[in-house]
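So the structure is just underneath, and the comments pick up after that.
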Amino acid sequence: MSEKRFSSILTASTLLTVLAFSVCFLLTTFLIGCAQPQPQPQPETPKETQKISEVQRSEEIPEMFSPSKPCSKCHNGLKDSFGNDVSIHSSWRNTMLANAAKDPYFLAKLTSEIEKFSGDSKIIERECAKCHTPMAAFQAKVDGEESALFTLLEKDNQYHELAVEGVSCTLCHQIENKRLGNEDSFSGNYSIDSSTFKPDRLIYGPFEPEMAELMRGVVGYLPKKGEQIEKAELCAICHTLYTPYFDEKGEFLGHFPEQTPYLEWLSSSYAKKVSCQSCHMPQTKGVRISKIPANPKFLPARSPFYIHEFAGGNVQILKLMGMNASATLDKLKSAVSVSLETEREGDKLVVKVRILNFAGHKFPTGFPSRRAWIYLKVVDGEGKTIFESGNYTANGRIIGEDEPFEKHHDVITSENEVQIYESVMVDSGGMVTSTLLRAAEYIKDNRILPEGADPNKMHSDTVPRGVDGDENFIGGSDTVTYTIADDGRARKVLVEVFYQPVSHRFLSDLSKTPTALVNEFLGNYGKMEKTTVVAVSEKILE
Ligand code: HEC
Ligand code: HEC
Ligand code: HEC
Ligand code: HEC
Ligand code: HEC
């Protein structure tokens, strides 16, 4: 099918009115023949699609992806039975997935990694492109083009429109049910059909559609049921990331487990029962998944409907990009709860702080700059502070935090000690590093385990580090005991759990490579609140 003919189908079909459609539907199941031009205002031409169609491509290579805009014509403006807007395109637009290529922290970090790398920077850019600009990277690869990330993002690059979309509709929904869960699917090695042309390309969804031809007629993709879309293994492709690491001369040494939420989930009690989708796509009911056809007879409402929310914990970067971070803030707060017990033992106040993890993986999880920590304060009757552990400065540094890193604690006896839940990376020489391409292993990983995880039986790339001897560091929780000198004045104990998506270690490491994008990011991030309160507990003492 020629590009030209496809474009004319596009324009003609978008003119469809509901009436015209209903009539046509009775006449024929295939729309192309009956979509006559209507006396209606010309709909906006999907510019992105046109631009992609202009790409010089050999006859044998199909155009695999589409920007999201043409999809929004039907999959936006959706309401559930409570009247809430659950539009697919607008929900997705507001996620980190949709912004994976524009994310200023990502772009700054990438330039920083390039600065520190002595090998060919294209190697790095191609690596990052697999997940942060996946549609552009994959199409370029199939086309036999150079796929360095900054090249793909250039305004006049033929893949620009796909690149800026980050992780978009036609990426997730075209992933085939192949190799899922296998190691060779990890690190962004999704399998997507590269030989079928539109309008025969398949878009996988959770249901067997009846109105498939309607969508095919307009965008050239045929929706079809694909059970993989509901599996955690689909998410595992990009959320299990083994990053190659190198020595200072740029010599390749091996692969490092940089992000492992899926492997953490596998060892939890959620595995096989509660998928990533169940937690990250909230369910609602009574949604007609497409605006067209408007007649509910042809497309009845669906329950459950999975909202494309994909909230995680990255409140700060969403805010920095001017996105709505409220779902993410709620998600983050749902991850943990904290409780405390107190006891007086002679001239000591003993406070046991228990923190529970409700997420389906470690807390925090994902990118290694995430960290959470416990703030504890004891005050007397006048509100004067007797003891304080874990306060922080405006630039996000935790007071009392040791260099190069604070070790894990089971018992805390001094204000200089603080419990920080984090992963700390070291290079092949054993030095603490924040450089992704130098990280060889973790020297510390005391992120709180998900419920049901047994530290001794976890996947070898996710075993906790530096927690030896702490018997209450178990699946789903950790307890820290604070032993505080007190002559009986203590009247109140306050505990807060804080979270930062960008730890101070990663921030100050960035400032060592002052590229233009690093300076821009640090300038803007510097003005922001870098810490979120995730959970709070308080106790008044007798
Ligand atoms: C002209 C309207 C229209 C456009 C444009 C459109 N779709 Fe659809 N789509 C539909 C309809 C109608 C269905 C439902 C078919 C059914 O369930 O009978 C559907 C179904 C789907 C499904 C399957 C859901 C399921 O399991 O039933 C997915 C996924 C999907 N569309 C994605 C997309 C993507 C991605 C794009 C953009 C490339 C797109 N759609 C563009 C109308 C459209
Ligand atoms: C990160 C991957 C991902 C991206 C990006 C994504 N989707 Fe989905 N989508 C899913 C998953 C997973 C489901 C199925 C959830 C379930 O039923 O378990 C789904 C479901 C759907 C459905 C069916 C809804 C239902 O509950 O029946 C439609 C339609 C759809 N997506 C369209 C889109 C469109 C349009 C876009 C782009 C604006 C998009 N998706 C972006 C993963 C994705
Ligand atoms: C093509 C790779 C890819 C696939 C497939 C994918 N993701 Fe992601 N995901 C990403 C990238 C890239 C980011 C954000 C990058 C950034 O922060 O710049 C992300 C971000 C997220 C976030 C937001 C995290 C935050 O920091 O707040 C959640 C939640 C998430 N993904 C869940 C899922 C789920 C659930 C699935 C499966 C249905 C899935 N993803 C499939 C690549 C992917
Ligand atoms: C039981 C519910 C639950 C399940 C199951 C679950 N998650 Fe999460 N996830 C959460 C919560 C709560 C958070 C927010 C806390 C955090 O950021 O760690 C989160 C955060 C995340 C983040 C963002 C971390 C960040 O840096 O902001 C990613 C990415 C993610 N999950 C991916 C996944 C993937 C992939 C799966 C499946 C293998 C999965 N999740 C399964 C509840 C869940
Ligand atoms: C296998 C997929 C994959 C590859 C390859 C990948 N990333 Fe990511 N990246 C992700 C996902 C998924 C997230 C979001 C995780 C989370 O929120 O915890 C992310 C998040 C990030 C973040 C944090 C962004 C934020 O807003 O907090 C940075 C920085 C980053 N990646 C840099 C890179 C660099 C540099 C490369 C190339 C060397 C790279 N990534 C390659 C999947 C990938």
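The values are calculated or read from the model by the stated rules, or taken from the named source; none is laboratory data. Computed from a predicted structure; not experimentally measured. Positions of Cβ are generated from backbone atoms using ideal geometry, with glycine treated the same way; all protein chains shown enter the neighbour counts.
If Asn177 meets every condition in (1) polar (S, T, N, Q); (2) over 27 Å from Glu208 (Cα atoms); (3) not in a helix (DSSP H, G or I) apart from one, which number is that one?
So the condition that Asn177 fails would be (2).
Within region 301-314, restricting attention to residues that are assigned to a loop (DSSP other than H, G, I, E, B) and under 19 Å from Pro206 (Cβ atoms), which residue is nearest to ligand 5 (Cβ to nearest atom)?
Top of the filtered list is Phe310.
Could you give every pair whose Cβ atoms fall below 6 Å, whose first residue belongs to region 189-209 and is closer than 12 Å to Ile175 by Cα, and whose second residue is loosely packed, with under 14 Cβ neighbours inside 10 Å and not hydroxyl-bearing (Ser, Thr, Tyr), counting only separations of at least 6 or pairs across chains?
From residues that are closer than 12 Å to Ile175 by Cα, the pairs are Ser191/Lys178.
Only one of these is at pLDDT 95 or above and under 26 Å from Phe521 (Cα atoms): Ile317, Ile307. Name it.
Among Ile317, Ile307, only Ile317 is at pLDDT 95 or above and under 26 Å from Phe521 (Cα atoms).
Every residue in region 159-180 that is surrounded by fewer than 20 Cβ atoms within 10 Å (Cβ to Cβ) and within 15 Å of ligand 5 (Cβ to nearest atom), please.
Result: Arg179, Leu180.
Which of (1) closer than 30 Å to Lys384 by Cα; (2) surrounded by 14 or more Cβ atoms within 10 Å (Cβ to Cβ); (3) not hydroxyl-bearing (Ser, Thr, Tyr) is the odd one out, the single condition Arg447 does not satisfy?
With respect to (1) closer than 30 Å to Lys384 by Cα; (2) surrounded by 14 or more Cβ atoms within 10 Å (Cβ to Cβ); (3) not hydroxyl-bearing (Ser, Thr, Tyr), Arg447 is out only on (1).
When only residues in region 342-368 that are within 14 Å of Leu494 (Cα to Cα) and of a type in the set (D, E, K, R) count, which is farthest from ligand 4 (Cβ to nearest atom)?
Top of the filtered list is Lys352.
Might you let me know whether region 54-67 holds any residue that is at pLDDT 50 or above, within 24 Å of the chain's Cα centre (by Cα) and of a type in the set (Ser, Thr, Tyr)?
Yes, the conditions are met somewhere in region 54-67.
Looking at Phe138, Phe197, Phe186, can you tell me which residue is within 16 Å of ligand 1 (Cβ to nearest atom), more than 30 Å from Lys291 (Cα to Cα) and at pLDDT 95 or above? Give the steps one after another, and end with the answer.
On the way: Phe197 fails: more than 30 Å from Lys291 (Cα to Cα); Phe186 fails: within 16 Å of ligand 1 (Cβ to nearest atom).
Going through Phe138, Phe197, Phe186 in turn, the sole match is Phe138.
Yes/no per residue for (1) away from ligand 3 (no atom under 13 Å from the Cβ); (2) part of a helix (DSSP H, G or I); (3) under 25 Å from the mean Cα position of the chain (by Cα); (4) of a type in the set (Gly, Ala, Ser):
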residue	(1), (2), (3), (4)
Leu299	yes, no, no, no
Gln316	no, yes, yes, no
Thr328	no, yes, yes, no
His361	no, no, yes, no
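Mind checking which helices (runs of 4 or more DSSP H) fall wholly inside region 86-135 and carry at least 2 residues that are modelled with pLDDT under 95 and in the same structural domain as Val167 (by TED's automatic domain parsing)?
121-132
Filter region 468-520 for residues that are under 27 Å from the mean Cα position of the chain (by Cα) and among the aliphatic types (A, V, I, L, M); which is farthest from Glu258 (Cα to Cα)?
Ala516
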